[in-house]
Amino acid sequence: MIRLNPNYDKLQSDYLFVEIARRVNKHLAGNSKRKLIKLGIGDVTKPLSATVIKAFHQGVDEQASKTTFKGYGPDQGYLFLRAAIAQADYHERGCDCIDASDIFISDGAKCDTSNFQELFASDIKVALPDPVYPVYADTNVMAGRTGFAQNGRYQGLIYLEGNESNGFVPSPGELVNNPAELVYLCFPNNPTGATANREQLGDWIQWALSQGAIILYDSAYEAFITDTNTPRSVYEIPGADKCAVEFRSFSKTAGFTGVRCAYTVVPGAIEINGIKLQNMWNRRHSTKFNGVSYPVQKAALAVYSAEGRREIKANIDSYLANARIILDAMNSLGYQYWGGVNSPYVWIKTNEDSWSTFDKILKGADVVITPGSGFGKMGQGYIRISAFNSAENVREALERIVDLLS
């Protein structure tokens, strides 16, 4: 008789956002009188910009002509997009160690951060921040690297605790007595909005080089960094190209959540036992993925045009303005908070059970937020509020929350 993967039995019962959807649907079934405002899941609400849409249409029109039709594209992505990414996102920031050959176009950073662990042995030691995006832990559970969950954490994973004292930026010092071979980092952090400065990232790179470890660096929210002294890429740190893989997305940067386009940078300089990690990822990528569609890649290219950059910046600025509305509301309530400056997320200390706060705000204000405990044990007592919505909705939602919690 066929057998199932027993590691799925180790997973906690529901993925965070599935549980949120279940509670929201139950609430809506109760016939609430007000419109529901969603400030929970990190989904953008602004449409694709005019320049991006124009390029998208051009790509579609090209598929209607025999002379310009494109079938299967290059596994790694079209060179026109990879070259634009290398120039705009890396060379212009002084990261000359990265070129188009290091870039792999995909349909989402969630997919790539989930899948990259497949390149490593099943018994490696994996470390990840707490709180952090739950996909990192869950995919390593599915791969069999952990035991069952106990007290909100999977046995076998190493948790790097983010807290108020370290500004939610763990350091490699936490691994002195508990060494890891693979470390996930996420900055600007989801959910806390924390960013790592050059010195902090430098410590991680030096640690990885000295230990022969690999860092998986999720920078999906780098476009929200407004502080010029905060690195937007891990490759701004010397030596990172020898030990770090970077994941980026057009979803939050350019509103591609419904279109799907992202990329992963695997530098050719990373070698493990004489084997290039880039070659392994290329083998996996070309075997299991058939590429992002041509019109979508054409649309992504438009993000790097002068007009596209202006439009994208305007959208990001509007979300950051929404974040300031949230910060002002938290100030009026006297709550401690983090994020909201270099990030579209605001991380708020409530000093009560996270799911209880979620339910209170859902039922009392008809607003969806995210419970901090869904991002790990260290998230208990916190909530996350997203700035992804219209200014009108954010303002109304925060007025309701302030009225409820005052």
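The values are calculated or read from the model by the stated rules, or taken from the named source; none is laboratory data. Note that the structure is a prediction, hence the values are computed from the model and not measured. All Cβ positions, even for glycine, are placed from backbone atoms using ideal geometry, and neighbour counts span all protein chains on display.
General remarks:
- Screening THR287 against (1) in contact with a Cys (Cβ under 9 Å, 6 or more places away or on another chain); (2) closer than 17 Å to SER106 by Cβ; (3) polar (S, T, N, Q) leaves a single unmet condition, (1).
- Selection status of GLN76, at pLDDT 95 or above, crowded, with 19+ Cβ neighbours inside 10 Å, out of contact with any Asp or Glu (no Cβ under 9 Å at 6 or more places or on another chain) and in a loop (DSSP other than H, G, I, E, B): yes
- Filter result for LEU39 (at pLDDT 95 or above and buried (at least 16 other Cβ atoms within 10 Å of the Cβ)): yes
- Residue in segment 86-105 that is out of contact with any Phe, Trp or Tyr (no Cβ under 6 Å at 6 or more places or on another chain), surrounded by 14 or more Cβ atoms within 10 Å (Cβ to Cβ), closer than 22 Å to PRO371 by Cα and in the same structural domain as ALA240 (by TED's automatic domain parsing) present: no
- Positions within segment 279-290 being surrounded by 20 or more Cβ atoms within 10 Å (Cβ to Cβ) and out of contact with any strand residue (DSSP E or B) (no Cβ under 7 Å at 6 or more places or on another chain), in sequence order: none
- Unique residue being over 22 Å from the mean Cα position of the chain (by Cα) and not assigned by TED's automatic domain parsing to the domain that holds LEU39 when the list is TYR335, TYR294: TYR294
- Test: residue in segment 228-236 that is over 28 Å from ALA299 (Cα atoms), buried (at least 18 other Cβ atoms within 10 Å of the Cβ) and touching a Phe, Trp or Tyr at 6+ places or on another chain (Cβ under 6 Å): no
- Number of the condition not met by GLY59 [criteria: (1) assigned to a loop (DSSP other than H, G, I, E, B); (2) surrounded by 15 or more Cβ atoms within 10 Å (Cβ to Cβ); (3) small (Gly, Ala, Ser)]: (1)
- Single condition ASP9 does not satisfy, out of (1) under 23 Å from the mean Cα position of the chain (by Cα); (2) acidic (Asp, Glu); (3) not assigned by TED's automatic domain parsing to the domain that holds CYS243: (1)
- Boolean, GLU161 is surrounded by fewer than 20 Cβ atoms within 10 Å (Cβ to Cβ), touching a Pro at 6+ places or on another chain (Cβ under 7 Å) and either under 23 Å from GLU271 (Cα atoms) or in contact (Cβ under 8 Å) with a residue 12 or more places away in the chain (or both): yes
- Of the strands (runs of 3 or more DSSP E) lying entirely inside segment 178-266, not one contains at least 3 residues that are closer than 25 Å to GLY374 by Cα and among the acidic types (Asp, Glu).
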